Amino acid sequence: MGQHEFQSGADGEGLLLLSGEFNLADGGGLKAALQDALGRAPARLTLDLRQVAQPGLPFFQLLFALAAQARKVKRRVSLKGPLPEQFLSAAGALGISLVDFEQTFDLE
């Protein structure tokens with residue numbers, strides 16, 4: 001089961017730490033956590049995905065949906081890096097490349 005923790009920063013920035021395994025059953029909770037974090041970080045939201053284990057297609061769908069939603073409300077979403085090889089490998093198996101992340105998110 002995946003875990004999430006939001007931390008408020010200065011100047012309207014927020015950090016959402018995600019860890020563990022997220023499966024289909026975690027989708028509703030993850031979606032709510034992502035939307036809540038975006039709402040609580042009016043300037044920029046940073047996602048720390050470095051402790052996420054074995055992300056699947058629903059995880060990536062929610063991640064990219066968050067980025068699209070953020071663009072609509074003129075907010076920035078960044079990913080704390082470097083992204084682990086295991087994470088990129090899981091994305092690559094689904095046809096998602098590092099370039100996709102670079103074009104969608106700010107990489108720190």
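Nothing in this text is a laboratory measurement; each read-out follows from the coordinates by a stated rule. Just so it is clear, the structure is predicted and the values come from calculations on it, not from any experiment. Quick reminder, even Gly has a Cβ in these numbers, built from the backbone with ideal geometry, and neighbours come from all protein chains shown.
So for the pair residue 71, residue 100, with labels modelled 7 Å out along Cα→Cβ, what separation do we get in nm?
Result for the modelled spin labels: 1.4 nm.
Of the listed values (1) 14.9, 54; (2) 14.6, 45; (3) 12.7, 37, grab the one calculated as Rg and Dmax of the Cα atoms in Å from the structure here.
Checked against the structure: label (3).
Between the range 1-27 and the range 62-108, how far is it from one alpha carbon centroid to the other, in angstrom?
Going from one Cα centre to the other spans 14 Å.
If Lys and Arg each add +1 and Asp and Glu each add -1, what is the summed charge of the other residues whose beta carbon sits under 10 Å from the beta carbon of residue 79?
Net charge in that neighbourhood comes out at -2.
Extension gain residue 11-residue 89, at 0.36 nm per residue separation less the Cα-Cα distance, in nm?
Taking 0.36 nm per residue and subtracting the Cα distance, the gain is 24.7 nm.
Extension gain residue 36-residue 108, at 0.36 nm per residue separation less the Cα-Cα distance, in nm?
Between residue 36 and residue 108, full extension yields 23.8 nm more.
Assign unit charges at the C-beta atoms only (+1 for Lys and Arg, -1 for Asp and Glu), then state the dipole size of the range 39-98 relative to its Cα centre in Debye, rounded to the nearest 20.
Here the size comes out at about 500 debye.
How much length is gained if the chain between residue 80 and residue 57 is pulled fully straight, taking 0.36 nm per residue apart and subtracting their Cα-Cα distance, in nm to one decimal?
Contour length minus the Cα-Cα distance gives 6.3 nm.
Report relative contact order for the chain in percent, whole number only (criteria: Cα-Cα under 8 Å, sequence separation at least 6).
Relative CO of the chain lands at 25 percent.
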